[in-house]
Structures are given as C-alpha cells and as structure tokens.
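Contents: one structure, followed by commentary.
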Amino acid sequence: MTAVAQRSRGATVAAPRRGRGRRVLLGVVGVLGELMITAGVLLGGFVVWQLWWTDVEGDRAQAELVEELDWVEPIAPVAAGPAELAVAVPAGGEPPVPAEPGHGSTFATMIVPRWDGEPERPVSQGVDRATVLDPLGIGHYPGTAMPGAVGNFAVAAHRTTYGKPFHRIAELVVGDPVVVRTADAWYVYRVTDHEIVTPSNVDVIAPEPADPTADPTRRLITLTTCHPMFSARERYIVHGELDYWAPASGPAPAELTQADPTVPAQDGGA
Amino acid sequence: MMYGWLWRHLPGPTWFRAVLALAAAVGVAVLCFTTVYPAIAPLMPFNDTTVGEEQ
C-alpha cells in the first residue's frame, strides 16, 4: 500500500545504509584477510625455525659440548718421522669399556670420515628428544653396550633438524670407518651393512641384531635415524663391527688423518 | 585494516613509523623463535619420532 512511499524513501535513505553495510562487510573481510596473511607468515616462520634455526642452534651447542670435553689432545702427526708416530697403532688385548654414565651426560664423540666437512659430534646417554636428541645431538640407547664392549653400541640421532648429526647416513658404504672417541680410547668400527625398518622393529639394537636370541660375541655399533628424510615413517639403520682400538693418549687413527677417506671394501660381516 | 589502524596510530614521521613497525616485526619473530616455536614443536605430529620400546 505504501509501495510508492517506500520506493521513494528507499531511493534517498537506503543508498547510504547499503553503503555503510558494505563498508562494515569490507572491513570484516579485510581484517579476516590480514589475520590469514599473518597466520601464513607465522607458519612460514615455524618452517624456517624448524628446518634452519634448530640446525644453527644444534650445531653450536654440540660444538660447545665437544669443546668442553677437554680430553687429552692426540699427538700431532709427525710428517717427517717414522710412520709409527704418525698414526694410531691398533692396540692388542681387550678394549677399555667405559661405565654407562648418567642420563644426559656426554661420554664419547663420533667422527665419520666419509662425512667430510661434518664436525666431531658428541655422544650422550639417553635417546629422548627433549633432553638428549634435540639439545645434545647423538644419543646412546640406555642398556645397550658401551663403546668397545661385546654387544651392540646403539646410538640414535636426527637426520634432519637440530644439527642433524646423521644427515648423511645414506652415504655410508660397507667398510667405511666410524670412529668413536672416549676419554680413554679410539674405537674404529667399520660399516658392515644397512637396512630400512619400521620404527617398531627394535631388534636392530639387540646385542646381536642378526639373531636377537643369541648371546652376543661380536663388538658391534648400530646407528639409527629417521627415514625417509623429513619423515618419521621408517628408520635407517647402519650396522658396524669393531675393527681395532687404540689408546687416546697416542696419535689419532689413520682413518682420521688420511686425506683420502676412501677405504678398501670389506666383506659384510652380517 | 588492522595494520592500517596500527600504522595510523604510530607516532612520528613516516621514516620513524617504518622503523617502529620493523622493530615490532623483528620483536615478534624473536619471540616466536625463542619461545613460541620451541613450545609448539613437540605437539607437531611429524615430530613424534620415538617409539615406546626404544626408550
């Protein structure tokens, strides 16, 4: 009945009201858009932090740990002298086996000549992320053998992020040396094989991984890390066996002082 | 919108506002890197790497 009146009023009043409504709507959409952009930037920042900054912090913290160990310096290689003084001579007899230390304490370092450019990494007791793997680098599975002992010296480390000590684990081939250093001795292990298993396959760190029910007779090392990279779906496992040991007070093993990291291939022991 | 509001309420000339805004952004980034991200990282599903038996 008042259609004419409404229409005439609509022409004069509704136009600014519609304009205000549109402004409010645009404002809401604009703020929403800015919030989403902000969320995107923050998520991108998380990726940068996880993939880059944890490496920066991890490398620095692990280098400080190795620095603080304050172990006896290996005798400097005598270039002109007799060969016996230049490199560690494999020692006979039983290798010294350190006692298992308290959780989180650093008792060894690891050097892998194949990973040219990688620093000497600390090895600490425990494998939980919050107190060992994230801040300290390589962790030793509690209850597995210690370096040099009969059984399986099993260690874990990140393959990506937090310093990624085992980033280049897939480069290892059979026969490659893995040098473990403690306050008392050098232990030179050699890679025997590798396997990729599911995370539940914990037999890989058994004293004798080839036969978990058997009594251990060999002095083994096992490196475990995530596989594939940037995923925790599987585990990349590298097994090795002790080649020889030498006292820490002597010169460093030839595996570390040789310029060429290539080593003669050996038969896979397992 | 909200960043426009923030910009209008920053004091001083344009160059000073730009410095302030940059400082605020850097502050937020530092806060995230030192506190926020380390706190939420363990909650991420891709960071669950330890199985119970291995502990």
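Values computed for the structure shown
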{"quantity": "Sequence-distant residues sharing a close amide H with residue A:178 (under 5 Å, placed H)", "calculated": "A:189, A:190, A:191"}
{"quantity": "For residue A:227, residues with placed amide H under 5 Å, excluding near neighbours", "calculated": "A:233, A:234, A:235, A:236"}
{"quantity": "Viscosity 0.692 mPa s, temperature 37 °C, Stokes-Einstein D of region A:69-257 from Kirkwood C-alpha radius, µm²/s", "calculated": "196"}
{"quantity": "Gain on full stretching of the segment that runs from residue A:249 to residue A:170 - 0.36 nm per residue minus C-alpha separation", "calculated": "25.2 nm"}
{"quantity": "Interchain or long-range residues, amide H under 5 Å from residue A:123's placed H", "calculated": "A:107, A:108, A:109, A:110"}
{"quantity": "Gaussian network model of chain B, Cα within-10 Å springs - most flexible of B:20, B:43, B:31", "calculated": "B:43"}
{"quantity": "Principal-axis tilt of helix B:14-31 within chain B, Cα atoms, nearest 10 degrees", "calculated": "10"}
{"quantity": "Backbone N within region A:210-253 under 14 Å of label point (7 Å from residue A:69 Cα along the Cβ vector)", "calculated": "A:246-250, A:252-253"}
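Bear in mind that the values in this text are calculations on the coordinates, not laboratory data. The structure presented is a predicted model; accordingly, all values stated were derived computationally and were not measured. Every residue, glycine among them, receives a Cβ derived from its backbone with ideal geometry; neighbour counts consider all protein chains shown.
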